Amino acid sequence: MATASKIAAVGVIGAGQMGSGIAQLAAAAGCAVLLLDSDPAALSRAVASISASLRRLVAKGQLSQAACEDSIKRIRCVSRVQELGDVDLVIEAIVEVEDVKKKLFVELDGITKPSAILASNTSSISITRLASATKRPSQVIGMHFFNPPPIMKLIEIIRGADTSEDVFSAVKSFSERIGKTVICSQDYPGFIVNRILMPMINEAFWALYTGVATKEDIDTGMKLGTNHPMGPLQLADFIGLDVCLSVLRVLHNGLGDNKYSPCPLLVQYVDAGRLGKKRGVGVYSYGQRSTTSVKPKSSL
């Protein structure tokens, strides 16, 4: 079984913003990193993003030039899951769809070495159910990073029903090694942060949908009235409206309470492709693309 000190090689699956950020953290902590994505363009963007991020740290005096170059050299891009056979820890950061993640875990279970730990960066999906797809449920765990991973200090660690104490301890120590403050959640829908955050975001959408106030006033109210650094609608754009909708559906299905039922306006925005900052438009426009306007309704 891998311990924190023995986690020398890390596989990261998914070269999007989350995956590239996780890869950067592991490489900066001295690990050999295999960054996996089937899209060569995504891998190229990830390498450019990681290099730029590390060089910004050098410019700020937070990282030496030598450490920057060494970190970049530790990252190798791959396109086949089979190339992760010798890693000590795999962290998947793919689409937030349970069936897709389960299929990946089955594949990983078959090709990784018996001692490897399999981790999911899921923000809401049951670790127990993901683990049940493998023959090593004691070695499956949740590592929920926050966006962007190199900046956000928090990580949620989620133990499945069968996650062993050794695996939990190894992952907790590894998380601290890469500079994270660890909080631990039981395996319930939404875990800690999203269990509390998503109903607030959903309620902000309801306030917009029913004409309580403008998006600007809703966000300003929460920023200045509750000392949040970002309003809930703007935060939803940064998270991704599709991700918010997915988490709310997991909460609604898993807990059976209608308070988690997604606001129709959020559903409409996602259906219209207004997914937030990553698409250039969500609740707000970020100047990257235009789309047909989706207007809040004045009443239910």
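What number, in nm² with one decimal, is the all-direction average of the projected area of the convex hull of the alpha-carbon atoms of segment 21-120? Write out the running numbers ahead of the final one.
Working: hull surface 26.0 nm².
Average projection, Cα convex hull of segment 21-120: 6.5 nm².
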Largest-first ordering by accessible area, 1.4 Å probe, given options Ser185, Ser285, Ser138:
Ser285, Ser138, Ser185
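Using only C-alpha atoms and all pairs of different ones, pull out the Kirkwood radius for segment 153-300 in Å with one decimal. Spell out each step's value before the answer.
Values: mean 1/r = 0.0595 Å⁻¹.
The Cα-based Kirkwood calculation yields 16.8 Å.
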What order do you get for 33-42, 84-93 when each peptide is scored by the mean count of other beta carbon atoms within 10 Å, highest first?
84-93, 33-42
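Under a Cβ-only charge scheme (Lys and Arg +1, Asp and Glu -1), can you give me the dipole magnitude of segment 169-272 about the Cα centre, in debye to the nearest 20? Intermediate results must be reported in sequence, preceding the final value.
Working: 8 positive and 10 negative charges, 80 e Å.
Roughly 380 debye, rounded to the nearest 20.
Please report, as a whole percent, how much of the solvent-accessible surface of segment 1-69 comes from carbon and sulfur atoms (probe radius 1.4 Å).
On the way: 1730 of 2980 Å².
Carbon and sulfur atoms account for 58 percent of the accessible area of segment 1-69.
With an 8 Å cut-off on Cα pairs and a minimum separation of 6 or more residues, tell me the relative contact order of segment 111-199 in percent.
Rounded, it is 28 percent for segment 111-199.
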Quick shape summary for segment 1-57, equivalent ellipsoid via Cα gyration tensor, semi-axes whole Å in descending order, reads 21, 14, 7
Of Ser38, His144, Leu108, whose Cα points farthest to the positive end of the dipole of the chain (charges on the beta-carbon: +1 Lys, Arg; -1 Asp, Glu; origin at the Cα centre)?
Ser38
Gain upon complete extension [Ile196, Lys6; 0.36 nm per residue less C-alpha separation]
64.9 nm
For segment 106-148, compute Rh as the Kirkwood radius over C-alpha pairs and then the Stokes-Einstein diffusion coefficient at 25 °C and 0.890 mPa s; write the answer in µm²/s, rounded to an integer.
226 µm²/s
Considering the options Gly221, Gly276, Ala52, tell which one lies farthest towards the positive end of the dipole of the chain, charges being +1 on Lys and Arg and -1 on Asp and Glu at the Cβ, about the Cα centre.
Ala52
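Would you mind computing Rg(Cα) / (2.2 N^0.38 Å) for the chain, counting N as its residues?
That ratio works out to 1.02.
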Holding the Cα-Cα limit at 20 Å, pick out from Lys101/Lys135; Lys113/Lys135; Lys60/Lys153; Lys6/Lys101; Lys6/Lys102; Lys73/Lys101 the pairs that are longer than that.
Lys6/Lys101; Lys6/Lys102; Lys73/Lys101
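Can you give the relative contact order of segment 155-222 as a percent, counting alpha carbon pairs under 8 Å and 6+ residues apart?
It rounds to 30 percent for segment 155-222.
In segment 1-60, which trypsin sites (Lys or Arg not before Pro) are in a loop and have at most 14 other Cβ atoms within 10 Å, using DSSP for the loop call? All intermediate terms of the calculation are to be shown ahead of the outcome.
On the way: sites: Lys6, Arg45, Arg55, Arg56, Lys60; in loops: Lys60.
Those that pass, being in a loop and sparsely packed, are Lys60.
Percent relative contact order of the chain, based on C-alpha pairs within less than 8 angstrom and at least six residues apart?
Working: 551 pairs, mean separation 42.8, N = 300.
Averaging sequence separation for qualifying contacts and normalising by length gives 14 percent for the chain.
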Along the positive direction of the dipole of segment 88-213 (beta-carbon charges: Lys, Arg +1; Asp, Glu -1; about the Cα centre), which of Val90, Ile157, Ile178 reaches farthest?
Ile178
With n ≥ 4 as the cut-off for DSSP H runs, can you work out [θ] at 222 nm for the chain, using -39500 (n - 2.57) per run divided by the number of residues, rounded to the nearest 500?
-14000 deg cm²/dmol
Per the Cα gyration tensor, segment 133-173 corresponds to an equivalent ellipsoid with semi-axes, largest first in Å, of 22, 11, 7
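The values are calculated or read from the model by the stated rules, or taken from the named source; none is laboratory data. These figures come from a predicted structure and were not determined experimentally. Cβ atoms come from the backbone with ideal geometry, glycine included; neighbour counts cover every protein chain shown. The area values use the complete protein model at the heavy-atom level, side chains included, leaving out ligands, DNA and RNA. Shrake-Rupley method; radii C 1.70, N 1.55, O 1.52, S 1.80 Å.
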